[in-house]
Amino acid sequence: MRGLVGVMLAAATALPIALAAPPAYARAEKAAYTGKSAYAGKSDTCALPRPGSLTLSEPWAQRRLDFTSVWPLTRGRGVTVAIVDSGVDARHPQIRVAKAVDLTGTGTRDCMGHGTTVAGIIAGIARKGSPFVGVAPDARLISIKQTNAERGDPALLARAIAKAADLGAQVINVSVKATDRMDLRKAVGYALSKDAVIVAAAGNVTKEDGTPTPAYPAAYPGVLAVGSSTPDDELAEFSNVSTPVAVLAPGQDLTSTWPGGTYQTDLKGTSQATAYVSGVVALVRARYPQLDSVRVRRRVVLTADGTKGTGTGAGIVNPRLAVTMLLPSEVVAVAPQQPAPLTEAAVAKAPPPDERTIGMAAIVAGGSLGAAALVIAAAVLTPLGRRRRWQPGQS
């Protein structure tokens, strides 16, 4: 009986998490892909995802968000972004990873492609001949691998978020959905206490999923939850409206980096939408380093394009306004501080009156007045005496 209870408890605490992307895209091939991968060889031991493409055009999401217009002001330099995902292909020519951490025991490589797409959207660097670029190409990327499959361990997700905070991430991208758990809630609270902005996917739902439920950590207070928009600026049909969405970002018919130095051009999901918002947050944090995470989130929400109904939050994220708009709430005049009262020792006490000095001053003053009176009298009487030749006057 005790053994059965243990098995039940273990199963209850090991509910799987899911990457916020459709299963058809996230599922890896059964056999290792070694076709035209630039990195195929003896070291390739993981089952790589479906082959990518080397042919692409400028993604519509780049034109829609127009984030390159703010690059003269900020490109994300000095901001660390942690990607809590399936790993990142650090050998892709458009991705630079400053640090890679593996919590799965399977190595840091991305065998699914999911984390690599997220990394490219956030901070893909320019490459000659490629029309694709990331939102904040100068941001510093940290890859924290917490899953090597479509379904992951929620305990590792919590550990990954806490690890990102310990590594000093100012932005933590979580394109993953899970259920509410105590360890996940604590990890989110811990990261928020260290002034990190957590950007998380609202999650994808289909008609077959039944009644949608909120996705975590996106649904936790203080987390910037992201839904998906279409090329027509509408809410994508798969975007989870039961999660309290803060903003939207492009999440359908997307292009991004893919393992093997290639690209995918048919991506969709709140995962990729979340990456766009994480890139914008990196731009804002680099531009306004004095703002704490709460004010950064607030700036991103207040400058969005406007809500369009349930599940759209404040609307589609607007990189230009997020970076340049003057918010009155951030320019509040601060009254000057009142000076501290002086101490008793700092105030000199008046000396007691000097009676002798006062007396002498009175005598001197009286004498001066008398002398002045004599001078005046002499000035008046002397001319009169001279006219009378100093004879007494007649009565």
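How about the range 178-226: which of its residues are in a loop (DSSP other than H, G, I, E, B) and among the β-branched types (V, I, T)? Steps first, please.
Keep residues of the range 178-226 that are in a loop (DSSP other than H, G, I, E, B), which gives 179-181, 194-196, 202-203, 205-206, 210-215, 217-223.
Answer for the range 178-226, where residues must be in a loop (DSSP other than H, G, I, E, B) and among the β-branched types (V, I, T): T179, V205, T206, T211, T213, V223.
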TODO: Please determine, by comparing only the residues of the range 219-233 that are within 17 Å of I161 (Cβ to Cβ) and touching a Pro at 6+ places or on another chain (Cβ under 8 Å), which one is surrounded by the most Cβ atoms within 10 Å (Cβ to Cβ).
DONE: A225
Open item on the list: Just to be sure I understand, how many residues within the range 51-70 are farther than 13 Å from D266 by Cα and among the hydroxyl-bearing types (S, T, Y)?
Closed with: 2
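Pick from A169, A119, A136: which is in contact with a Ser or Thr (Cβ under 6 Å, 6 or more places away or on another chain), buried (at least 24 other Cβ atoms within 10 Å of the Cβ) and in the same structural domain as L192 (by TED's automatic domain parsing)? Can you show your working first?
Values: A119 fails: in contact with a Ser or Thr (Cβ under 6 Å, 6 or more places away or on another chain); A136 fails: in contact with a Ser or Thr (Cβ under 6 Å, 6 or more places away or on another chain).
Of the residues listed, the single one that is in contact with a Ser or Thr (Cβ under 6 Å, 6 or more places away or on another chain), buried (at least 24 other Cβ atoms within 10 Å of the Cβ) and in the same structural domain as L192 (by TED's automatic domain parsing) is A169.
Among the candidates R297, R285, R320, which residue alone is in contact with an Asp or Glu (Cβ under 8 Å, 6 or more places away or on another chain) and charged (D, E, K, R)?
Values: R297 fails: in contact with an Asp or Glu (Cβ under 8 Å, 6 or more places away or on another chain); R285 fails: in contact with an Asp or Glu (Cβ under 8 Å, 6 or more places away or on another chain).
Of the residues listed, the single one that is in contact with an Asp or Glu (Cβ under 8 Å, 6 or more places away or on another chain) and charged (D, E, K, R) is R320.
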- [ ] Could you please let me know if D292 is closer than 20 Å to G113 by Cβ and acidic (D, E)?
- [x] no
Open item on the list: Out of A98, A162, A155, I need the residue that is assigned by TED's automatic domain parsing to the domain that holds A275, modelled with pLDDT of 95 or more, out of contact with any Ser or Thr (no Cβ under 9 Å at 6 or more places or on another chain) and surrounded by fewer than 24 Cβ atoms within 10 Å (Cβ to Cβ). Which one?
Closed with: A162
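Condition test on G260, is it surrounded by 24 or more Cβ atoms within 10 Å (Cβ to Cβ), more than 23 Å from V79 (Cα to Cα) and at pLDDT 95 or above?
Here the answer is no, as G260 does not meet what is asked.
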TODO: Report, by residue number, each residue of the range 236-251 that is within 24 Å of the chain's Cα centre (by Cα) and not small (G, A, S).
DONE: N240, V241, T243, P244, V245, V247, L248, P250
- [ ] From R295, R299, R287, grab the single residue that is of a type in the set (D, E, K, R), closer than 27 Å to S193 by Cα and crowded, with 23+ Cβ neighbours inside 10 Å.
- [x] R299
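Can you spot a residue in the range 283-298 that is assigned to a helix (DSSP H, G or I), in contact with a Lys or Arg (Cβ under 8 Å, 6 or more places away or on another chain) and β-branched (V, I, T)?
Of the range 283-298, the ones assigned to a helix (DSSP H, G or I) are 283-287, 293-298.
Remaining after also requiring in contact with a Lys or Arg (Cβ under 8 Å, 6 or more places away or on another chain): 283-284, 286, 296.
Pick out the ones that are also β-branched (V, I, T) and you get 284, 296.
Yes.
State all residues of the range 122-133 that are of a type outside the set (V, I, T), assigned to a loop (DSSP other than H, G, I, E, B) and crowded, with 20+ Cβ neighbours inside 10 Å; if no residue qualifies, say none. Write out each step before concluding.
Just the residues of the range 122-133 that are of a type outside the set (V, I, T), to begin with: 123-124, 126-132.
Now drop any that are not assigned to a loop (DSSP other than H, G, I, E, B), which leaves 124, 126-132.
Those that are of a type outside the set (V, I, T), assigned to a loop (DSSP other than H, G, I, E, B) and crowded, with 20+ Cβ neighbours inside 10 Å: G124, F132.
Quick check, is T147 surrounded by fewer than 24 Cβ atoms within 10 Å (Cβ to Cβ), polar (S, T, N, Q) and part of a loop (DSSP other than H, G, I, E, B)?
Values: surrounded by fewer than 24 Cβ atoms within 10 Å (Cβ to Cβ): no; polar (S, T, N, Q): yes; part of a loop (DSSP other than H, G, I, E, B): yes.
So T147 does not fit the description; no.
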Task: Scan of the range 252-277 for residues that are within 18 Å of S86 (Cβ to Cβ) and outside any strand (DSSP E or B), ordered by number - done: P259, G260, G261, K268, G269, T270, S271, Q272, A273, T274, A275
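The values are calculated or read from the model by the stated rules, or taken from the named source; none is laboratory data. This one's a predicted model, so the numbers in the text were calculated from it and none came from an experiment. Counting neighbours? That spans all protein chains shown, and the Cβs are built from the backbone with ideal geometry, glycine included.
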